[in-house]
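Reviewing the structure listed below.
The values are calculated or read from the model by the stated rules, or taken from the named source; none is laboratory data. Bear in mind that the values here come from a model prediction, so they are computed numbers and not experimental data. Positions of Cβ are generated from backbone atoms using ideal geometry, with glycine treated the same way; all protein chains shown enter the neighbour counts. The area values use the complete protein model at the heavy-atom level, side chains included, leaving out ligands, DNA and RNA. Shrake-Rupley method; radii C 1.70, N 1.55, O 1.52, S 1.80 Å.
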Amino acid sequence: MTRRLFGTNGVRGIVNSEMSIELAMDLGRAIGTALGGRLAIGMDSRISGEMLKCAVSAGLMSTGVKVFDLGMLPTPALQYYVKARKLDGGVVITASHNPPEFNGIKCIAADGTEMAREDEERIERIFFDRSFVVKEWDRVGSLHHQSDAPNLYLDSIVRHVDKDAIRKASMTVVVDCANGAGSITTPRLLELLGVRAITLNCNPQGTFPGRPSEPTEESLSDLIALVKKTSADLGIAHDGDADRTIFIDENGAFVHGDRSLALIARSIVKSRGGGLVVTPVSTSRCVEDAVIAIGGQVKYTKVGAPIVARVMKSTNAVFGGEENGGLIFPEHQYCRDGLMTVAKMLEIISKEGRLSSLLNEIPRYSLIKGKVECRNGIKQDVMAQLCDRFREKAIDTTDGIKIFFDDGWVLIRPSGTEPIFRLIVEGVTEANAKRYFAEFKTMLHEIIQSVNG
Ligand code: MG
């Protein structure tokens, strides 16, 4: 197997252990060798951000790159800057929703999208072969601090929503930025949109003292309590680098990401009089139901935001996204954007009504996720057996195997990075989701055992 450096979301590891300054500098050299030219660099609020940013920047400059240091900002703000300023690419120092001891390095392509796997492989080859091309002493690159990226980004978001409708609704929201990079921009966005913002964990702090950076129902208990206490119209929560947003309705109920995806998809398709929505095969059927009911279409892709973004671009889709709250608005940019998601949701509420009643119109299913251990060497044989067993059934093999039933579906996917199969099950009721889950978990175990001999 070829050695891999980049996982599904860049290179990640524990700081000063796997994620060392030596690795960061060599990766900077490899990225600089592969991309060259003018590159942006930025970071989330992690304590190690500045240290790793300096190491990557030094590596980049040794290969002659002109580095634009954007400081601390959301990942989508850096992506927008790369696209708007026509740079050759970018690097973000972030571990997104991972705990604070982690950090990561993620590459952005010249069009502002997350880098395609083929381009990451090119960087990996240079990294492992140490075939860096460093410049002569008088041709090394330079570093330029830029402070205009957040405003440039916010201007684009405000331009893409009905600002007057939002302002007129005179809403109050509670916003929880997890002490992450969203702290730099989301309170400012709400101010620009004329929304009264009550802030929680909106001071950047690299240990994430307020709550874990992954927005879950458990980690958002303070936000939920504050929405109820202040009778706010909406609760907003980002992950650490603010490419994702999770909402709390006006009654303090946690809204799963697939339901906000369905709601926003429905509104966009309705306003365009049709159109294509792109989402991975792992997304709840509620999205398809909501979109098809109003004359739109849904295209399913492999799991992963960069893939969703690329398919959206090639099919001219009107909207797309993932069930984890990472939504993509093509008129603004082709990447997950937590702040654009906030602005769009505010626009929808201001025009269509309260969030809880809008969500009542979205069909409700029960989704269960789990994993089954399986060593990498036999995954292909296990997949072949699964496909053979269900070849008479309605299946989709876009990513792993998805088997459709009248009252739900089952998705089994081999993980690309871990020795596991992911098992996702959806049913019309919780009871039948549980039944499918138990049934398929047992079956998968049996197949793995028989292949193992
Ligand atoms: Mg993130």
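Side notes on the structure shown:
- Whichever residue in region 410-419 is modelled with pLDDT under 95 and either in contact with a Lys or Arg (Cβ under 6 Å, 6 or more places away or on another chain) or among the polar types (S, T, N, Q) (or both) and, among such residues, is nearest to D381 (Cα to Cα): P414
- Among (1) open to solvent by 60 Å² or more (accessible area, probe 1.4 Å); (2) part of a helix (DSSP H, G or I); (3) within 28 Å of T8 (Cα to Cα) - the single one R422 does not satisfy: (2)
- From I166, I157, residue being buried (at least 20 other Cβ atoms within 10 Å of the Cβ), in the same structural domain as D241 (by TED's automatic domain parsing) and either over 19 Å from F247 (Cα atoms) or more than 25 Å from the chain's Cα centre (by Cα) (or both): I166
- Screening region 200-215 for residues that are open to solvent by 40 Å² or more (accessible area, probe 1.4 Å) and within 16 Å of the ligand (Cβ to nearest atom) and picking the one that is nearest to P74 (Cα to Cα) gives P204.
- Any pair with Cβ under 6 angstrom, 6 or more apart, that starts in region 93-107 at a residue that is over 14 Å from P215 (Cα atoms) and ends at one that is basic (K, R) and more than 13 Å from the ligand (Cβ to nearest atom): I93/K53
- Residues of region 122-145 that are of a type in the set (D, E) and outside any helix (DSSP H, G or I): E136 alone.
- Which listed residue, of K369, K351, K379, is under 30 Å from L189 (Cβ atoms) and of a type in the set (K, R): K351
- The requirement of being within 25 Å of the chain's Cα centre (by Cα), under 30 Å from I31 (Cα atoms) and open to solvent by 80 Å² or more (accessible area, probe 1.4 Å) is fulfilled nowhere in region 171-180; no residue meets it.
- Listed conditions (1) farther than 19 Å from A165 by Cα; (2) in contact with a Cys (Cβ under 9 Å, 6 or more places away or on another chain); (3) open to solvent by 20 Å² or more (accessible area, probe 1.4 Å); (4) more than 16 Å from the ligand (Cβ to nearest atom) are all met by A262, apart from (3).
- Any hit, region 130-139, residues being within 21 Å of M43 (Cβ to Cβ) and either assigned by TED's automatic domain parsing to the domain that holds C335 or buried (at least 16 other Cβ atoms within 10 Å of the Cβ) (or both): no
- Subset of region 227-252 (residues that are within 10 Å of the ligand (Cβ to nearest atom) and outside any strand (DSSP E or B)): D239, G240, D241, A242, D243, R244
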